[in-house]
Amino acid sequence: MARNSADSSSVPVDLPLEKRLAAAVELYGEAGVVERSLSLLAGNNEGEDFLLFVGGEHAQGILDGAPVLYWPELWGARALLYVWDDAAEPVIIGTLSNPAWRVREMGARVAAARKLPAASELAELLTDRVPRVRVSAARALGSIGSLDDLERIRPLIKDSEIDVRRAAQQGIDSLRARFPKS
């Protein structure tokens, strides 16, 4: 299948992500942006232009020779906050066990934003070694979890990291608001 592409010098890297992705949708279509984002999550190369659309100015560092690490995966997941297809659901749920903490963190954010059935996977992230992942997991469970998740989140109220404690309280408050006692 032939793919549309842009001259990488014409990608508006200085625009906010939402506007860059709108430009990418104009060029590739929604399905094309989702497909390419999922491909990045699979570790594939989707070309310089698409990397610049999803990564912006930071992607230029990779194109200039910086180590790739997990950045394209992270950017692929983040793009799915803005452009979505339900076919991405299992891939996003899979990101919750990614070895890169930034990808796990973003996966939790996308799972919450898209209301994905990932409560058990998110619950596992409540004990992640990285505080930012625990923060995202607590917030996501507050958004999509059930009352059973109150007891899973509650231990984070005593976490050593203040941001985790705050997120735990936010998650608990969200669950209580979503499931008021009658």
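Some notes on this structure:
- Test set (1) in contact with an Asp or Glu (Cβ under 8 Å, 6 or more places away or on another chain); (2) in contact (Cβ under 8 Å) with a residue 12 or more places away in the chain - Arg165 fails condition number: (2)
- Test: residue in the range 27-34 that is of a type outside the set (Ser, Thr, Tyr) and over 27 Å from Ala118 (Cα atoms): yes
- Some residue of the range 98-121 being acidic (Asp, Glu), without any contact (Cβ under 8 Å) to a residue 60 or more places away in the chain, outside any helix (DSSP H, G or I) and not assigned by TED's automatic domain parsing to the domain that holds Asn44: no
- The set of residues in the range 135-182 that are in a loop (DSSP other than H, G, I, E, B) and out of contact with any Phe, Trp or Tyr (no Cβ under 8 Å at 6 or more places or on another chain) comprises Gly145, Asp148, Asp159, Ser160, Glu161, Phe179, Pro180, Lys181, Ser182.
- The residue that is surrounded by the most Cβ atoms within 10 Å (Cβ to Cβ), among those in the range 125-156 that are under 14 Å from Ser97 (Cα atoms) and under 15 Å from the mean Cα position of the chain (by Cα), is Ala137.
- The range 73-93, residues that are part of a helix (DSSP H, G or I) and more than 12 Å from the chain's Cα centre (by Cα): Asp86, Ala87, Pro90
- Among (1) touching a helix residue (DSSP H, G or I) at 6+ places or on another chain (Cβ under 7 Å); (2) farther than 17 Å from Ala167 by Cβ; (3) not in a helix (DSSP H, G or I) - the single one Asp128 does not satisfy: (2)
- Residues that are assigned to a loop (DSSP other than H, G, I, E, B) and either surrounded by 18 or more Cβ atoms within 10 Å (Cβ to Cβ) or not hydrophobic (A, V, I, L, M, F, W, C) (or both) within the range 45-72 comprise Asn45, Glu46, Gly47, Gly56, Asp64, Gly65, Pro67, Tyr70, listed in sequence order.
- Hey, Ala167 crowded, with 21+ Cβ neighbours inside 10 Å, out of contact with any His (no Cβ under 6 Å at 6 or more places or on another chain) and of a type outside the set (Phe, Trp, Tyr) or not: yes
The values are calculated or read from the model by the stated rules, or taken from the named source; none is laboratory data. Keep in mind that this is a model prediction, so the values were computed, not measured. Virtual Cβ from ideal backbone geometry, glycine too; neighbours counted across all protein chains shown.
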